[in-house]
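The values are calculated or read from the model by the stated rules, or taken from the named source; none is laboratory data. Being a predicted model, the structure only gives us computed values, none of them experimental. Every residue, glycine as well, gets a Cβ built from its backbone with ideal geometry; the counts of neighbours run over all protein chains shown.
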Amino acid sequence: MACVDIKALSKIAKKRNVKTIIDNTFPTPYLQQPFKFGVDFIIHSTTKYLNGHGNSIAGIIIGRDKELMEQKVWQTFKLIGTNVSPFEAWILGNGLKTLEVRMDRHCLNAQKIAEFLEKNKKVKKVNYNGLISHPDHDLAKKQMNNFGGMLSFELKGGLKSGIKFMNKIQFCSLAPTLGDVDTLILHPASSSHINVDKKLREKNGITDGLIRLSVGIESVEDIINDLEQAMA
C-alpha cells in the first residue's frame with residue numbers, strides 16, 4: 001500500500017526521455033487519473049475493479065501518444081493474440097456501468113474496516129492510505145480522489161495466527177484475486193507467497209502474519225463481524 005509521487009517521477013522520466021507506465025488497477029480511473037500527472041501509459045487488469053464481479057479475465061493499455069499506440073502497441077497486440085473476446089468485452093462493459101457506485105462503497109467500507117482494525121489489540125499494523133497514521137496518507141490524498149478498497153493488516157502471532165485466522169473465516173471469501181463485489185481475503189505467507197524466500201517476503205513487507213483484504217460492497221457490519229470472530 002505504499003505510494004509514489006507520480007508527478008515527480010514523470011518529470012524525472014521526461015527529462016531523460018524515458019516513457020512512464022503505471023498500473024492503475026487498484027485505484028481505477030474513478031479514483032486516480034495518472035495522465036494528469038504526466039504518465040505516458042496506463043495499464044489495468046480489467047478482471048478486477050473495472051469488471052468488478054469476478055467473471056472474466058482481461059486487461060487494457062491506454063497511451064497518450066496516438067501514433068505509438070496505433071503503429072506499435074496495437075500491432076503487437078494483434079500479433080501476439082491478446083485481443084479480448086466479444087463476450088468478455090460485453091461483460092466488462094456491463095461492469096463499467098456501475099464503477100462509480102461500487103468504488104464509493106468499496107472506499108467507504110475499507111475506511112471503516114481499517115479504523116476498526118487499527119483499534120484491535122490483536123492487530124500489530126494496518127496498511128491503508130485512508131488512515132492518517134499511514135506514512136503516505138498526504139501523498140495519496142493529493143493524487144487520489146479517495147483511498148480505494150484494498151488494505152492489509154498484520155496479526156500478532158505471525159504464521160500460526162495467520163493460518164488460524166484464515167481457517168475461521170466464514171463470511172469473506174478466501175481468494176488470491178481482488179476487486180470483486182465480494183470481500184476477498186488472502187494470507188500470502190501460507191498461499192500466494194508460500195514458495196518465496198522469507199527474507200525476501202519480509203523485505204517487501206509481506207510478514208508471516210500479514211493478511212490482505214480486498215474489501216467488498218456488502219454490509220460493512222457483516223465484514224467486521226467476520227474478521228472479529230476469526231480473531232477471537
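For region 14-55, what are the residues that are closer than 19 Å to residue 70 by Cα and either of a type outside the set (D, E, K, R) or surrounded by 18 or more Cβ atoms within 10 Å (Cβ to Cβ) (or both)?
20, 21, 35, 39, 40, 41, 42, 43, 44
Examine region 202-220 for a residue that is in a loop (DSSP other than H, G, I, E, B), of a type in the set (Ser, Thr, Tyr), assigned by TED's automatic domain parsing to the domain that holds residue 168 and in contact with a strand residue (DSSP E or B) (Cβ under 6 Å, 6 or more places away or on another chain), and state whether such a residue exists. The answer is yes; a qualifying residue exists. Quickly run through region 38-90 and pick out the residues that are of a type in the set (Val, Ile, Thr), under 18 Å from the mean Cα position of the chain (by Cα) and not in a loop (DSSP other than H, G, I, E, B). Within region 38-90, 42, 43, 60, 61 meet the criteria. Does region 96-145 hold any residues that are in a helix (DSSP H, G or I), touching a helix residue (DSSP H, G or I) at 6+ places or on another chain (Cβ under 8 Å) and surrounded by 14 or more Cβ atoms within 10 Å (Cβ to Cβ), and which are they? Result: 99, 103, 107, 108, 109, 112, 113, 116, 117, 143.
Pairs linking a residue in region 70-90 that is assigned by TED's automatic domain parsing to the domain that holds residue 53 to a residue that is assigned to a loop (DSSP other than H, G, I, E, B) and not polar (S, T, N, Q), with Cβ atoms under 8 Å and 6 or more positions apart or on different chains, are 82/59; 84/58; 88/57; 88/58; 89/58.
Look at region 110-124: where a residue is in contact (Cβ under 8 Å) with a residue 24 or more places away in the chain and a partner is surrounded by fewer than 21 Cβ atoms within 10 Å (Cβ to Cβ) and among the aliphatic types (A, V, I, L, M), sitting 6+ places away or on another chain with Cβ atoms under 6 Å, you get 112/220; 114/131; 116/224; 117/123; 122/231.
Entry remark, region 151-194: residues being in contact (Cβ under 8 Å) with a residue 24 or more places away in the chain and part of a strand (DSSP E or B) number 8 in total. Within region 5-32, the set of residues being without any contact (Cβ under 8 Å) to a residue 40 or more places away in the chain, more than 23 Å from residue 177 (Cα to Cα) and part of a loop (DSSP other than H, G, I, E, B) comprises 16, 17, 18, 19, 20. State all residues of region 153-187 that are surrounded by fewer than 20 Cβ atoms within 10 Å (Cβ to Cβ) and under 21 Å from residue 3 (Cα atoms); if no residue qualifies, say none. Correct list: 177 only.
Yes or no, residue by residue, for (1) out of contact with any strand residue (DSSP E or B) (no Cβ under 8 Å at 6 or more places or on another chain); (2) farther than 22 Å from residue 136 by Cα:
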| site | (1), (2) |
| --- | --- |
| 2 | yes, no |
| 6 | no, no |
| 17 | yes, yes |
| 25 | no, no |
| 35 | no, no |
| 40 | no, yes |
| 48 | yes, yes |
| 65 | yes, yes |
